[in-house]
Amino acid sequence: MFKEIKAFSGFSVDNLEKAIQFYGDVLGIEITEVDEMAILHLHISGGHNIVVYEKPNHEPATFTILNFPVKDVTGTMEKLKALGIEFESYNLPDFKTDPDHVFRGGGPEIAWFKDPAGNILSVIAES
């Protein structure tokens, strides 16, 4: 039934202005703001938009909501750190990031960071 439908994803934030600054200015994603609805469209490569909407009772996602595949995880992290982004550390029995905040425990290298609303994002090695 949905095979030919161009689906899209969305997530909430607690402050649309902070989201505009973070996703547009810091991450450099092209965005369109729909003022009358307090909605942003993130224009991601490949032609699929992601909807970001302000929600007064927003609670940050406890899982990764958006992954950015990159050729060089470490190099991308350095650029993001220079922009003030801090990366997450995990130290669970079967899930640990290294001292550089990168998970190298199987599968592609991946590092996580948060948007201003506390949602979890990642940079992940392209496969």
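Taken together, the values in this text are just the output of simple stated rules run on the coordinates, not laboratory data. Computed from a prediction, not measured in an experiment: that's the story for all the values here. Here the Cβ is made from the backbone with ideal geometry for all residues, glycine too, and neighbour counts use every protein chain on show.
Normalised by the residues of the stretch 9-125, what does the relative contact order come to in percent, with Cα pairs under 8 Å and at least six apart?
Contact order relative to length: 26 percent.
Per-residue counts of other Cβ atoms within 10 Å, averaged by peptide: what ranking do you get for 95-101, 118-124, highest first?
Averaged packing, sorted descending, gives the order 118-124, 95-101.
Please compute, for the alpha-carbon atoms of the chain, the extent along each of the three principal axes and give them in descending order in Å.
Computed over the Cα atoms, the extents are 45, 36, 26 Å.
The chain: longest stretch without exposed GluC sites (Glu not before Pro) (DSSP loop, at most 12 other Cβ within 10 Å), sites themselves excluded?
Within the chain, the longest run free of exposed GluC sites (Glu not before Pro) spans 5-85.
Taking the alpha-carbon centroid of each part, what is the distance from the stretch 80-105 to the stretch 1-32 in angstrom?
Cα centroid of the stretch 80-105 versus Cα centroid of the stretch 1-32: 24 Å apart.
Let me know the charge dipole size of the chain about its Cα centre in debye, to the nearest 20, where only the beta-carbon of Lys, Arg (+1) and Asp, Glu (-1) is charged.
Roughly 340 debye for the chain.
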